[in-house]
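Worksheet: one structure, shown below.
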Amino acid sequence: MFEATRLNQRNDTRQKLFRFGLGTMTGLLILPVVLILGTLIYKGAPVISFEFLFTGPTKGMTAGGIFPALLGTILLVVVALLASVPLGIAAAIYLSEYASDNWFTRAINLAIINLAGVPSIVHALFGVGAFVIFFQFGTSILAASLTLAIMTLPVVIVATRESLQAVPMAFREACWNMGATRWQTIRRVVLPNAITGILTGVILEVSRTAGETAPIMFTGAAFFLPLLPQDVFDQTMALSLHLFVVSTQVPGMPENLPFGVALVLISMVLLMNSLSIALRMYLRGKKKW
Amino acid sequence: MVGAGAVPLTEETVPGQVKLGVRDLRISYNHVTALEDVNFDIHEHEIFGIIGPANAGKTSFLKAINRMDMFTPEMKVEGKITFNSVDVSRIRNVYGLRSRIGVVFPLPVGLPLSIYDNVALSPRLRGQNNRAELDIIVERCLTRAALWDEVKDRLDSLGSMLSGGQQQRLTIARALSQDPEMLMLDEFSIAVDPVTTMRIEDVLKELRKEVTIILVTNLVQQARRLADRTAFFLDGRCVEVGITEDLFTGEVKDQRTRDYVEGRFG
């Protein structure tokens, strides 16, 4: 009764072939990730030490640590977040909760999508023109961070808008029906249920901001500085640029040092990504409807 | 029954007066008529039933009363609806209007807040933040909605995680926490088991002493059990308004009303 016909056999063979093919493709995809991480850890891990993380470079950057660059990246990210998070969340709330669907909102949405597609080197040039020259911030942490903020604004806006729109419409209608204003509804029902999604977006923004090189090269990051920055109008070193410098610009560089820098940078990004994954899992566990 | 902190819409209303007046109402979406020819008065402390098949315009009618057309740009309301003799289209403070009218939806909407916060939300929106006062309101409303005994030990758990029938009673408690003058129920029993339905119906019979109730229902017999008068909506028109019992005993103007209540279509 259940003997395989020739057609059954052919279908079965075909499905095995496809499973193998698709599986191989997937395997190939993981390969670069494993290779990159493996190389970085193998070659970079021996360099990592307390000294490496918390002292400055010495001997023309061929020895010593990366503390100024590490601190600089953290500073750049923090100032960028201070600018982009309030702005992005405000815009997303307006677009999702207030704006009606007309040509103006559609134009804004289009602008946001296009902003996300602008190459980072173009952002860099815009940053030079706008912040360094026009606003006269000079090449400084402020100018570099604002450039980064504008570049990552779409990430915050899109993530926030999506988590706001994931809150069912019925909740809003129930609130409006009992006489709540739009803001009361947002404040009491929509935002508390979207906040984890918004946080996930912000963290992803951090990891993107930390890794960028082009936008900060001309706006505020320096090759080498003997002193730590004193305020946001100073220049700073940054991990991503430091990595570029030590790998290509300095003769006589010990082989392992650039790998150490890269390992620190990628660890920061991975740490942030894991945090965002953990948050999302927490969110799923806490889902309230 | 004017809620704490709410501004009266008009001078003191007298029981038995017209609570809601509807004249030549026409509702359309993108110029397509959804409901027209609606003319009737709903009196205070009356349970007014609205029956009719899907797409008859029943829900649009409730939305128009509450000025929810504000949130639906393509929805247009013409004609006149008065609440406490005030034309609702002229009310600037729509929040004052909505807070006087409690709404219960077909599918229970337990907000993703604790049971306590669900019921305390409306008083809080009006600025009531005194915990002791809120405790009293929450207990009173949950008791009146016949839910208190089932949830009194877990007021901190999520309202949206209750069973369907419990959530629907929670939404009724929430509507009552508004201290409403009128309650609008839109097919409240769709997602509720028969036993809970009967319990809620008993609650409604009690509530009529204090509030005016509009009961939109897909169950003809439910209208017969509860409503003093009933309107029959069909294909975007109000075909018939009358004493509920008359619709069932054949005192009807329109044959279609009779066919509908006897289950020949719809």
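Worth pointing out:
- Considering only residues in segment A:146-181 that are part of a loop (DSSP other than H, G, I, E, B) and in contact (Cβ under 8 Å) with a residue 24 or more places away in the chain, the one that is surrounded by the most Cβ atoms within 10 Å (Cβ to Cβ) turns out to be A:Val167.
- Annotation: B:Pro123 fulfils all but one of (1) more than 14 Å from chain A (Cβ to nearest Cβ); (2) under 15 Å from A:Cys175 (Cβ atoms); the unmet one is (1).
- A:Leu283 passes every criterion in (1) more than 14 Å from chain B (Cβ to nearest Cβ); (2) within 24 Å of the chain's Cα centre (by Cα); (3) not polar (S, T, N, Q) apart from (1).
- Candidate set from segment B:86-111 (those that are of a type in the set (Lys, Arg) and more than 13 Å from the chain's Cα centre (by Cα)); member that is farthest from the other protein chains (Cβ to nearest Cβ): B:Arg90
- Meets criteria (crowded, with 20+ Cβ neighbours inside 10 Å, part of a loop (DSSP other than H, G, I, E, B) and either out of contact with any strand residue (DSSP E or B) (no Cβ under 7 Å at 6 or more places or on another chain) or of a type in the set (Val, Ile, Thr) (or both)) for A:Thr219: yes
- Among residues that are out of contact with any His (no Cβ under 8 Å at 6 or more places or on another chain), at pLDDT below 90 and within 10 Å of another protein chain (Cβ to nearest Cβ), A:Asn177 is not included.
- For segment B:204-218, filtering for residues that are closer than 19 Å to B:Gly165 by Cα and buried (at least 17 other Cβ atoms within 10 Å of the Cβ) leaves 6.
- Filtering A:Gly129, A:Gly117, A:Gly138 for residues that are at positive phi and out of contact with any strand residue (DSSP E or B) (no Cβ under 8 Å at 6 or more places or on another chain) leaves a single hit, A:Gly138.
- Number of positions in segment B:198-219 that are in a loop (DSSP other than H, G, I, E, B) and closer than 26 Å to B:Thr257 by Cβ: 4
- Criterion (in a helix (DSSP H, G or I) and hydrophobic (A, V, I, L, M, F, W, C)) met by exactly one of A:Leu283, A:Leu228: A:Leu283
- Selection from segment A:134-164 of residues that are farther than 14 Å from A:Ile89 by Cβ and not aliphatic (A, V, I, L, M): A:Phe134, A:Phe135, A:Gln136, A:Phe137, A:Gly138, A:Thr139, A:Ser140, A:Ser145, A:Thr147
- Of the residues B:Ala175, B:Ala145, the single one that is away from chain A (no Cβ under 11 Å), hydrophobic (A, V, I, L, M, F, W, C) and in contact (Cβ under 8 Å) with a residue 24 or more places away in the chain is B:Ala145.
Residue by residue, here is whether (1) free of Cβ contacts under 8 Å to residues at least 60 places away in the same chain; (2) under 18 Å from A:Thr73 (Cβ atoms); (3) of a type in the set (Val, Ile, Thr) holds:
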| residue | (1), (2), (3) |
| --- | --- |
| A:Gln230 | yes, yes, no |
| A:Asp234 | no, yes, no |
| A:Ser240 | no, yes, no |
| A:Val245 | no, yes, yes |
| A:Ala262 | no, yes, no |
| A:Met268 | no, yes, no |
| A:Leu271 | yes, yes, no |
| A:Arg280 | no, no, no |
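- Flag if A:Val246 is touching a Leu at 6+ places or on another chain (Cβ under 7 Å) and of a type outside the set (Gly, Ala, Ser): yes
The values are calculated or read from the model by the stated rules, or taken from the named source; none is laboratory data. Note that the structure is predicted; figures quoted are calculated from it, not measured. With ideal geometry, Cβ positions are generated from the backbone for all residues, glycine too; neighbour counts draw on all protein chains shown.
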